[in-house]
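Down below is the structure, laid out as structure tokens.
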Amino acid sequence: MKFLDTWTRATVASTRDLTPTIRLFELQPAGRLPEWTPGAHVRVRVTIDGRPAVRCYSLIDDGSGDARLRIAVKLSENGLGGSRAMWALQSGESIEISEPDNHFELGLAAPSYTLVAGGVGITPLVSMARFLVRSGRPLRFHYSVRSREEAAFAELLRAWLGEAFHLCVENESGRLDFARIVEPIPAEGELYFCGPIGMLEAARKAWEAGGRPASLLRYESFASSGHYANQAFTAVLPRFGRELRVPAHQTLLSALEEAGIEVLADCRRGECGLCAIDILACDAPVDHRDVFLSEEQKAANRKLCACVSRPAGGRIEIDTAYRGPVTA
Ligand code: FES
């Protein structure tokens, strides 16, 4: 079951490779779009192996510029296929996009802001940095990449932020030290994070260890960044007497929808929890990739968010029918 989006056509006005694996797309919508705020995203309709799918991309701009939308897409050869479909688009092609929406809002009352990006998690934070710099708010920015050539937008951010911008290149100096990032943040300061799930877990641990209120850590993560590589698995649904083979490049949610099994879903990014379904049994580790369930709930393995999470192979027995509260 899908929640309503308002869709519009847009033309791919131009594309430009920012790094060997990150491509910038400039989209010209057919009509005027509602205004958006830093951290906003659009959904894009793509076709993957002949099947319709929707992908979500953060807007690079803070909504104060021209009417064009800019998104950046990292090519993932082993992903679910969305980035390959995006990279196949040529300038002049027409696509369908949703109106901008924002689940990663920037608060405006903090005494200071710390932004931390991992890899292509840079995209929503560029718009936030632009807004914060323009409005003269105190800001520090930490950007972690595996290698220097992957550092899209680094020069732009350095030009805006000077000494307040810190680039961490993992294959030169190791990983970000979140304890050191959190320690100087003033008591009411806010930290905004976007990056892979492993980095998010490190950020949350450091934040908690620093005695910081959970409400001041705001984050978004990638649906594709699990602890295991995508593998095919079998989903067994005793309630329907069905067995589905879910290939490595398909999500459990999309396999269920394709089989005509209705599941509530909205964000499709592991954030809202609407698609959380019951696990009855599983003979492989469950790769929880959402940011909705707590660590305890993930450890209990009684629910999984079907839009992003999946077992690492094997068989999983599930029940999509019970819609009660999620408890550990
Ligand atoms: S649809 Fe929002 S968590 Fe899956």
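Of all residues in segment 177-219, how many are open to solvent by less than 50 Å² (accessible area, probe 1.4 Å) and either aromatic (Phe, Trp, Tyr) or not assigned by TED's automatic domain parsing to the domain that holds Pro124 (or both)?
4
In segment 219-247, which residue that is part of a loop (DSSP other than H, G, I, E, B) and closer than 19 Å to Val54 by Cβ is nearest to the ligand (Cβ to nearest atom)?
Once the filter is applied, the top-ranked residue is Ala223.
Hey, among Val246, Val263, Val286, which residue is in contact with a Phe, Trp or Tyr (Cβ under 6 Å, 6 or more places away or on another chain) and of a type in the set (Val, Ile, Thr)?
None of the others qualify; the one that does is Val246.
Within the set of pairs 6+ apart or on separate chains, which have a first residue in segment 247-267 that is farther than 18 Å from Glu317 by Cβ, a second that is away from the ligand (no atom under 15 Å from the Cβ) and assigned to a loop (DSSP other than H, G, I, E, B), and C-beta atoms under 6 Å apart?
Listed pairs, sorted by first residue: Pro247/Ala232; Ala248/Asn230; Ala248/Gln231; Ala248/Ala232; His249/Gly81.
Can you tell me which residues in segment 298-312 are of a type in the set (Gly, Ala, Ser) and in a loop (DSSP other than H, G, I, E, B)?
Of everything in segment 298-312, those that are of a type in the set (Gly, Ala, Ser) and in a loop (DSSP other than H, G, I, E, B) turn out to be Ala306, Ser309, Ala312.
Pairs under 9 Å by beta carbon, first residue closer than 10 Å to Ala276 by Cα and open to solvent by 20 Å² or more (accessible area, probe 1.4 Å) in segment 295-321, partner away from the ligand (no atom under 16 Å from the Cβ) and of a type in the set (Gly, Ala, Ser), six or more apart or different chains?
From residues that are closer than 10 Å to Ala276 by Cα and open to solvent by 20 Å² or more (accessible area, probe 1.4 Å), the pairs are Arg302/Ala328.
Can you find a residue in segment 257-270 that is at pLDDT 95 or above, of a type outside the set (Ser, Thr, Tyr), closer than 30 Å to Ser98 by Cβ and more than 8 Å from the ligand (Cβ to nearest atom)?
Looking through segment 257-270, none of the residues is at pLDDT 95 or above, of a type outside the set (Ser, Thr, Tyr), closer than 30 Å to Ser98 by Cβ and more than 8 Å from the ligand (Cβ to nearest atom).
Could you check segment 75-88 and list, in sequence order, the residues that are at pLDDT 95 or above and closer than 17 Å to Leu59 by Cβ?
Met86
Give the number of residues within segment 12-59 that are assigned to a strand (DSSP E or B) and open to solvent by 60 Å² or more (accessible area, probe 1.4 Å).
7
Could we say that Leu157 is in a helix (DSSP H, G or I), in contact with a Phe, Trp or Tyr (Cβ under 8 Å, 6 or more places away or on another chain), more than 22 Å from Cys56 (Cβ to Cβ) and not β-branched (Val, Ile, Thr) here?
Yes.
The values are calculated or read from the model by the stated rules, or taken from the named source; none is laboratory data. Keep in mind that this is a model prediction, so the values were computed, not measured. Every residue, glycine among them, receives a Cβ derived from its backbone with ideal geometry; neighbour counts consider all protein chains shown. We work out accessible area using only protein heavy atoms, side chains counted, and drop any ligands, DNA or RNA first. Shrake-Rupley method; radii C 1.70, N 1.55, O 1.52, S 1.80 Å.
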